[in-house]
Amino acid sequence: MFDSEEDDTTDMNEIVCEALSNQVFEATEVELKRQGFAKVEHHEPILTEDLAKIYSSYDPSSPDPKSLQYFVWFSIIFHLICRGRENLRLQKRQSFSVSVDGSGQKYVYQHLDELDKNHRQNDDPFDSSGDGRMYENTENPASCPVKAFELYLSKLNPALDSLWQRPKAFDNFNESDSVWSCNAPLGKNTLGSLMKTISVV
């Protein structure tokens, strides 16, 4: 009888210890994510000809809302390796910032990072910053992602905090307009399929 009660107590202690261990592991995983130690997700390499096609689709001498947005979106995804489409919809204009390094080169970095669906959903999705950098292209200003990013930010609709806003239709657009986007964010599905859309432009 006593042996049975002792075994039950031991089993209960093991269950409690295992549960606590799982909680500690999950909390540690979230904390590591907060500190920027996110898991690396490998993607298929982009062919040189595809890259050239994407960059040539944007003409900085006569920019328009849609091609500018496509160029900036791709540049951020390509250089700063953002996560899945569920997080793109959460990005705000404050999610990325421009800075200058010690040698005087300007770059864009992820100022606010997202916690993905594998982490605590109630956490603020912008707790920690990543360490990737998207540098200016001084040798070829026509394809400079930093200049394009700064222009894109300056033309966002001030009534909306979302980074990815619906661009104005070309027919309703004038390059001298102070705002190039509508007061409406792009949806999750639209953002998730932008790479496919850009590749056929």
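The values are calculated or read from the model by the stated rules, or taken from the named source; none is laboratory data. Every value quoted in this text rests on a predicted model; they were computed, and no experiment measured them. Because the Cβ atoms are built from the backbone with ideal geometry, glycine has one as well, and the counts that use them run over all protein chains shown.
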Which of the residues spanning the range 140-159 are in contact (Cβ under 8 Å) with a residue 24 or more places away in the chain and more than 22 Å from Leu80 (Cβ to Cβ)? Asn157, Ala159
Counting only residues that are free of Cβ contacts under 8 Å to residues at least 60 places away in the same chain and part of a helix (DSSP H, G or I), the range 162-188 contains a total of 2
For Leu191, indicate whether it is in a loop (DSSP other than H, G, I, E, B), within 18 Å of the chain's Cα centre (by Cα), surrounded by 18 or more Cβ atoms within 10 Å (Cβ to Cβ) and in contact (Cβ under 8 Å) with a residue 24 or more places away in the chain. no
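Just the residues that are part of a loop (DSSP other than H, G, I, E, B) and modelled with pLDDT of 85 or more, please, taken from the range 39-78. Can you show your working first?
In the first step, residues of the range 39-78 are kept if they are part of a loop (DSSP other than H, G, I, E, B); the result is 39-47, 57-64.
Scanning the range 39-78 gives Tyr58, Asp59, Pro60, Ser61, Ser62, Pro63, Asp64.
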